[in-house]
């Protein structure tokens, strides 16, 4: 699992944009937003965009799966919400909500969750 070295969604987005050598103006143009609006997102003056734009950012910046997860987690955190890729999954699978409530009621800790995640990953092969 990749360590998240970024404090905010904006710092992540800016770092990845600069890493890919895409100017602020070019990135804004690609997404049909103003450079000022994109700058405000990078500086934390505006909330991260909705999931569709986040997926576009991921494609344009050629993010790995782990980088995309970090980006989505940071976007959710900044909005004081879940990562935007999770609600649809949770709402579409009642057993996920049941599992979360069970974990909450049993006061599952990080070790419990890491063991559960490892069990699921081991099934993949």
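Of note:
- Hull-based mean projected area of the stretch 37-93, where the convex hull spans the alpha carbons, in square nanometres: 4.1
- Residue order, fewest to most surrounding Cβ atoms within 10 angstrom, among 82, 120, 61, 38: 120, 82, 61, 38
- Between the helical axis of 65-78 and the longest alpha-carbon principal axis of the chain there is an angle of about 90 degrees.
- With Cα atoms, 0 to 90° folded angle of helix 110-124 axis to the chain main axis: 90
- Rel. contact order, % - alpha carbon contacts under 8 angstrom, at least six apart, the chain: 22
- Volume of the Cα convex hull of the chain, divided per residue and given in Å³: 129
- Contour minus Cα-Cα distance for residue 26 and residue 80 (0.36 nm per residue): 16.5 nm
- Taking Cα atoms only, the orientation of helix 94-105 departs from the longest principal axis of the chain by about 70 degrees.
Values quoted throughout were computed directly from the atomic coordinates according to the rules given, and no laboratory measurement underlies them. None of the values given here were measured: they were computed from a predicted structure. Backbone-built Cβ (ideal geometry, glycine too); neighbour counts: all protein chains shown.
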